[in-house]
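Here's the structure we're looking at; comments come further down.
The values are calculated or read from the model by the stated rules, or taken from the named source; none is laboratory data. Keep in mind the model is a prediction, meaning the values are calculated, not measured. When we count neighbours, we look across all protein chains shown, and the Cβ atoms used for this are built from the backbone with ideal geometry, even at glycine. Side chains included, ligands, DNA and RNA excluded: accessible areas come from the protein's heavy atoms. Shrake-Rupley method; radii C 1.70, N 1.55, O 1.52, S 1.80 Å.
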Amino acid sequence: MYPSYYLVAKDQGEKDAVKSFHYALEAEKIHSDLFAQAKEAVDSGNDYDLKYVSVCEVCGHTVKDGTPDQCPICGASKDQFKEFRH
Ligand SMILES: [Zn+2]
């Protein structure tokens with residue numbers, strides 16, 4: 001749904017909405033990959049090998065077992081990531 005939201009916002013010149021939908025779309029691609037990896041582990045009877053995730057508080061970009069110096073999607077700095085451990 002984000003690609004169509006993005007196009008509508010772009011057509012209407014809504015710059016903040018364009019940025020927001022772009023971030024959401026890019027972050028969801030990563031979320032989808034992480035979900036697929038976790039499902040694959042569960043389907044093969046294994047625990048998902050994960051120590052923690054870091055989430056960018058600006059765009060939602062999620063990183064497994066590490067925090068980048070700068071968010072590759074929105075450019076936020078490392079201190080704008082929040083770590084979640086289990
Ligand atoms: Zn970000």
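In table form, for the structure just shown:
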| quantity | calculated |
| --- | --- |
| Unsatisfied cross-links (Cα-Cα over 20 Å) in the set Lys29/Lys64; Lys51/Lys78; Lys15/Lys78; Lys39/Lys64 | Lys15/Lys78 |
| Estimated [θ] at 222 nm from DSSP helical runs (n ≥ 4, -39500 (n - 2.57)) normalised by residues in the chain, nearest 500 | -15500 deg cm²/dmol |
| Radius 11 Å from Cβ of Leu50, net charge of other residues (Lys, Arg +1; Asp, Glu -1) | 0 |
| Dimensionless Rg over Rh [the chain; C-alpha; Kirkwood] | 1.07 |
| Among Gly45, Gly66, Gly13: highest mean-square fluctuation, GNM of the chain, C-alpha pairs under 10 Å | Gly45 |
| By accessible area with a 1.4 Å probe, ligands and nucleic acids excluded, highest first: order of Ser4, Ser54 | Ser4, Ser54 |
